[in-house]
1. Using the Karplus curve 6.51 cos²θ - 1.76 cosθ + 1.60 with θ = phi - 60°, work out ³J(HN,Hα) for each residue of the range 137-151 in order, rounded to whole Hz, and write x for Gly and Pro.
2. With a 10 Å radius around each residue's Cβ, average the other Cβ atoms per peptide and rank 174-181, 21-28, highest first.
3. Just the number, please: carbon plus sulfur as a percent of the accessible area of the chain, 1.4 Å probe, no ligands or DNA/RNA counted.
4. Can you list the residues, at least 5 places off or on another chain, whose amide H is less than 5 Å from the amide H of VAL130, using H built in the peptide plane?
5. For n ≥ 4 DSSP H runs only, could you compute -39500 (n - 2.57) per run for the chain, divide by its residues and tell me the 222 nm figure to the nearest 500?
6. For a quick check of understanding: with a 1.4 angstrom probe and all protein chains in place, what accessible area in square angstrom does CYS283 have, to the nearest ten?
7. Just to check I understand the Karplus step: with θ = phi - 60° and J = 6.51 cos²θ - 1.76 cosθ + 1.60, what whole-Hz values come out for the range 28-44, glycine and proline as x?
8. Shape call for the chain from the C-alpha gyration tensor, a ≥ b ≥ c root eigenvalues: rounded (a/c under 1.5), prolate (a/b greater than b/c) or oblate?
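The values are calculated or read from the model by the stated rules, or taken from the named source; none is laboratory data. Predicted, not measured: the structure shown is a model, and the values here were computed from it. Using ideal geometry, Cβ is built from the backbone for each residue, glycine included, and neighbour counts are taken over all protein chains shown. Note: accessible area is taken over every heavy atom of the protein model, side chains too, but ligands, DNA and RNA are not part of it. Shrake-Rupley method; radii C 1.70, N 1.55, O 1.52, S 1.80 Å.
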Amino acid sequence: MRFDDYIFPCYNVGNLVSVPKPLTGNQWKTLMDYRARAKGVGRPLTDKQQKTLIDLEYKNIQSQKYSLGETAKAQLDKLVFYERYGRRTSVSTAQMEKGLRNEKEGRDIVGEMLGVILTKDNERKSNQWVRGIRDVKSDEVIIDIKTSWSFDTFTKHLRDKPTELYLRQLDCYADLWGINDCLLAFVLTDTPNDLVEQAIRKENWTKGFLDGNGGVWEEKIPELVKLVEKHIFTRGALEDFCDQSMNVHIEWFEDFVEIPDEDRVHMIPHTCTQERLEQRNECLVLAREYMNNSQPIN
């Protein structure tokens, strides 16, 4: 099986793109100086400086070459195995489940912040490089919504520059739909009740919240309250959870502070450029070549 024309899912691309890093300003200045001195301009190079010159020349050559990292290779090995034998992963986590179930809520909150009504886009597109389906239908901007699992994971994204993993995914959607302006939106939504209960049971293995009868040890109540508050952010959702729960009670949450919608969205603008698409394509060419030569290790 050959992969010369393999079309990559947009969500896979971020792990495959690695742009060569050029020499720093100081390194380039040193390289230019040492090159001139090696040709007889100025003071002769010492033995140590000769070695530095060789190292910088090598680094300069490498800085212009695209290559695949080990993470990319591991992902490509899996893709090859799945494609050759018709297998697909069936990974399902609580985090993924929340993202799927809260998709509309996240879209509605982002739309409220933007002052528009956002609708789901069911159209799938592909070109010679990538394929995918975007979150929101729009002729003006690509909007990609990431539903955070908890308060902790949401706050990790509160910075201007997000990981390239997400930006490269946006580039692919921008390429497919011919729209350069993009918006990456991290959204904090109330976790569904059953997933909060699942988180409690998981933490119980190490924290020991529950007694033998399924109740909560009194000394563990404050710790359990903190866990619940990492997943529920509105008063209505908290009351509903406590009504449904067998062992968590609303009176434990006297100090509960509701987080308004505007503080549960973090939006980062991004522009897809031709340079970024060319960088992606360079890496996808290498990825296809690697897939053609990937073999099981016996």
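1. Those phi angles translate into 7, 6, 9, 10, 8, 8, 10, 10, 9, 10, 7, 6, 6, 8, 4 Hz.
2. The most tightly packed comes first, giving 174-181, 21-28.
3. Carbon-and-sulfur percentage of accessible area, whole number: 49.
4. PHE8
5. My calculation for the chain gives -15000 deg cm²/dmol from helical runs alone.
6. Counting only protein heavy atoms, CYS283 exposes about 0 Å² to solvent.
7. Those phi angles translate into 5, 4, 5, 4, 5, 5, 5, 4, 5, 5, 5, 8, x, 8, x, 5, x Hz.
8. It comes out prolate by the Cα gyration axes.
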